[in-house]
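Engineer: The structure is given below, and queries will be raised subsequently.
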Amino acid sequence: MIDNRYQFESSPDLMTFEFDSVGPKGSVTKVVQYSEINVRGFYNLGFGDKDPQSGYISDLTVTNNSDSQKVLATVARTLYLFTERYSEAIVLATGSSLARTRLYRMGIANNLSGIEQDFVVLGLTATDWEPFRKDAVYHAFSVRRKS
């Protein structure tokens, strides 16, 4: 999955990554940001389109650039680099909408055997965290690098 991805630039601390999605809608700058939340060692994975005028990052914009697999592969590669640097980090992710969360779930499910070689993946059900199952519906995801 992560072999077909975009080239990206990263901040020196590997907390922010930028790349351009290229497709029928033109070139759209995407940003992946890892930010520590209120619990030490837990990081939110933020992802969205960067507005060229304001620099604001929107996780609600729907680009429809016909490259979702390549974009997800690029985000996955940033996760590898981030967790190489911050090996004890637990990364939390959810979509900004039910459709996006479903897209992320499908991306994980379609690549689960490869992902599980390097990461422990949990899904948040309505009541609790559980080991990721392909056929389950989740509200969020937790990823931690295997030791």
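The values are calculated or read from the model by the stated rules, or taken from the named source; none is laboratory data. Given the structure is predicted, the values throughout are model-derived calculations rather than measurements. Using ideal geometry, Cβ is built from the backbone for each residue, glycine included, and neighbour counts are taken over all protein chains shown.
Engineer: If the Cβ limit is 6 Å and pairs must be 6+ apart or interchain, which residue in the stretch 95-111 that is within 13 Å of Ser68 (Cα to Cα) pairs with which residue that is hydrophobic (A, V, I, L, M, F, W, C)?
Structural biologist: Close Cβ pairs (under 6 Å, with a partner that is hydrophobic (A, V, I, L, M, F, W, C)) amount to Gly107/Leu72.
Engineer: Next question. Name the residues in the stretch 27-44 that are free of Cβ contacts under 8 Å to residues at least 40 places away in the same chain and assigned to a loop (DSSP other than H, G, I, E, B), would you?
Structural biologist: Hits for the stretch 27-44 are Asn38, Val39, Arg40.
Engineer: Evaluate the stretch 71-83: report whether one residue or more is outside any loop (DSSP other than H, G, I, E, B), without any contact (Cβ under 8 Å) to a residue 60 or more places away in the chain and either surrounded by 13 or more Cβ atoms within 10 Å (Cβ to Cβ) or in contact with a helix residue (DSSP H, G or I) (Cβ under 7 Å, 6 or more places away or on another chain) (or both). So that I can check it myself, show each step before the final result.
Structural biologist: To start, the set of residues in the stretch 71-83 that are outside any loop (DSSP other than H, G, I, E, B) comprises 71-83.
If we keep only those that are without any contact (Cβ under 8 Å) to a residue 60 or more places away in the chain as well, we get 75.
Filter once more, so that each one left must be either surrounded by 13 or more Cβ atoms within 10 Å (Cβ to Cβ) or in contact with a helix residue (DSSP H, G or I) (Cβ under 7 Å, 6 or more places away or on another chain) (or both): 75.
The answer is yes; a qualifying residue exists.
Engineer: A follow-up question, please. Please determine whether any residue of the stretch 45-61 is part of a strand (DSSP E or B), closer than 20 Å to Lys146 by Cα and in contact (Cβ under 8 Å) with a residue 24 or more places away in the chain. Before you say what the answer is, go through the steps one by one.
Structural biologist: The initial filter retains those residues of the stretch 45-61 that are part of a strand (DSSP E or B), namely 45-50, 57-58.
The next check asks that each one be closer than 20 Å to Lys146 by Cα; those that pass are 45.
In the following step, the residues that additionally are in contact (Cβ under 8 Å) with a residue 24 or more places away in the chain were identified as 45.
Yes.
Engineer: Cβ-Cβ distance below 9 Å, separation of 6 or more or different chains: which pairs start in the stretch 128-147 with a residue that is under 13 Å from Glu116 (Cβ atoms) and modelled with pLDDT of 95 or more and end on one that is in a loop (DSSP other than H, G, I, E, B) and among the acidic types (Asp, Glu)?
Structural biologist: Arg144/Glu88; Arg145/Glu88
Engineer: Oh, and also: Looking for whichever is surrounded by 14 or more Cβ atoms within 10 Å (Cβ to Cβ) and part of a loop (DSSP other than H, G, I, E, B) here; the options are Ser142, Ser96. Which one fits? Spell out how you get there, then give the answer.
Structural biologist: Details: Ser142 fails: part of a loop (DSSP other than H, G, I, E, B).
Every option except Ser96 fails the conditions.
Engineer: Check Tyr6 against each of (1) under 23 Å from Met106 (Cβ atoms); (2) free of Cβ contacts under 8 Å to residues at least 60 places away in the same chain and name the one condition it does not meet.
Structural biologist: (2)
Engineer: Where residues in the stretch 1-26 are part of a loop (DSSP other than H, G, I, E, B), more than 17 Å from the chain's Cα centre (by Cα) and within 22 Å of Asn64 (Cβ to Cβ), which of them is modelled with the highest pLDDT? Show your work before the answer.
Structural biologist: First pass over the stretch 1-26, keeping only residues part of a loop (DSSP other than H, G, I, E, B): 1-8, 11-15, 24-25.
Now restrict to residues that are more than 17 Å from the chain's Cα centre (by Cα): 12-13, 24-25.
Still in the running and within 22 Å of Asn64 (Cβ to Cβ): 24-25.
Numbers: Pro24: 91, Lys25: 86.
Selected residue: Pro24.
Engineer: Answer with yes or no whether Asn64 is outside any helix (DSSP H, G or I), surrounded by fewer than 16 Cβ atoms within 10 Å (Cβ to Cβ), more than 16 Å from the chain's Cα centre (by Cα) and not aliphatic (A, V, I, L, M). Explain how you work it out, then say what you get.
Structural biologist: Working: outside any helix (DSSP H, G or I): yes; surrounded by fewer than 16 Cβ atoms within 10 Å (Cβ to Cβ): yes; more than 16 Å from the chain's Cα centre (by Cα): yes; not aliphatic (A, V, I, L, M): yes.
When the stated conditions are applied, Asn64 passes them.
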